[in-house]
Amino acid sequence: AQPVIVAIDGPSGTGKSSTSKAVASQLGLSYLDTGAQYRAITWWMVNNGIDTDDPSAIAAAAGKPDIVSGTDPSNPTITVDGADVAAPIRTQEVTSKVSAVSAVAEVRARITELQRSIAATAEQGIVVEGRDIGTTVLPDADLKIFLTASPEARAARRSGELKGADVNATREALIKRDAADSTRKTSPLAKADDAVEVDTTELTLAQVIECVVTLVEEKR
Ligand code: C5P
């Protein structure tokens, strides 16, 4: 069979990662978390004293870190210059700075190129999750999904993941990050015209997974 390319985009807290990993596992496809790549480059900037409020400093450093993603959906890994950064890229500090770093065109160009080469070499195909996969990174994807959910549902899911985090604070931070991601100039978070929109507010994770698996099977 031809490799199948699936793009899954949407704001935070819609279940993108859980859905994408499960769909890839069930169908024997590779998996790429592009948010982890933007988090990894942000982590490197913070660790190397780059002022993340200075776009020109970010642009000048964008080519420096070596970011490698493992694409096994049962064990997705991410390293920067050989160091495992899976945990430190999830801190609040990185989360609060990632939108500013990922808005810089030089960062996007670099990461987009990485993403395309990873997708091109996935033998069975790949599920790629992010914000601009269907619109910019892989406009010829076989299937594009855009996941949405109410702000309340998204904040509740995120607070659940962060164990004990304040729901209101999580909701505010999430809304702020999505607004920044949606309004940036270069490749903002957006639904591709040919994407299938799935509102997950009233659905269980199992239902979302089943829905996406069915859509992929129809394309194969
Ligand atoms: O998916 P996750 O919440 O880990 O993504 C972290 C951040 O990375 C997003 O808020 C966004 O700023 C950036 N991102 C992006 N483009 C993508 C994926 C993530 O700009 N394709």
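Tell me, in nm to one decimal, what length is gained between Asp66 and Glu106 on full extension, where the rule is 0.36 nm per residue of separation less the Cα-Cα distance?
12.9 nm
I'd like the distance between the alpha-carbon centres of the stretch 90-119 and the stretch 18-38, rounded to an integer number of Å.
17
By per-residue mean of other Cβ atoms within 10 Å, what is the highest-first order of 27-37, 167-177?
Highest mean packing first, the order is 27-37, 167-177.
List the lysines whose Cα lies under 16 Å from the Cα of Lys191, skipping any in the same chain that are fewer than 8 positions away.
List returned: Lys16, Lys144.
Starting from the 7 Å offset along Cα-to-Cβ, what nm value, one decimal, do you get for the label separation of Glu218 and Ser56?
In this crude label model, Glu218 to Ser56 measures out at 5.1 nm.
What does the charge add up to near Ile89, with Lys and Arg as +1, Asp and Glu as -1, over the other residues with Cβ less than 14 Å from its Cβ?
Its environment carries a net charge of -1.
Using the alpha carbons of the chain, what is the convex hull volume per residue in cubic angstrom, as a whole number?
Hull volume normalised by residue count: 114 Å³.
Which of the helices in the chain, when you take each full DSSP H run, stretch at least 18 Å along the axis at their Cα atoms and have an average Kyte-Doolittle score of 0.0 or higher?
Correct list, ordered by number: 205-219.
If the chain between Thr77 and Ala206 were fully stretched, how many nm would it gain, using 0.36 nm times the residue separation less the Cα-Cα distance?
Extending this stretch completely gives an extra 44.1 nm.
Have a look at Leu205, Ala87, Gly130 and report the one farthest towards the positive end of the charge dipole of the chain, computed about the Cα centre with Cβ charges (Lys/Arg +1, Asp/Glu -1).
Ala87
Quote the charge dipole size of the chain about the Cα centre in Debye, to the nearest 20; the model charges only the Cβ of Lys and Arg (+1) and of Asp and Glu (-1).
With only Lys, Arg, Asp and Glu charged at Cβ, the dipole is about 300 debye.
No lab work stands behind these numbers, since they all come straight from the coordinates. The model shown is predicted, which means the values in this text are computed figures rather than measured ones. Note: ideal-geometry Cβ built from the backbone for every residue, glycine included; neighbour counts use all protein chains shown.
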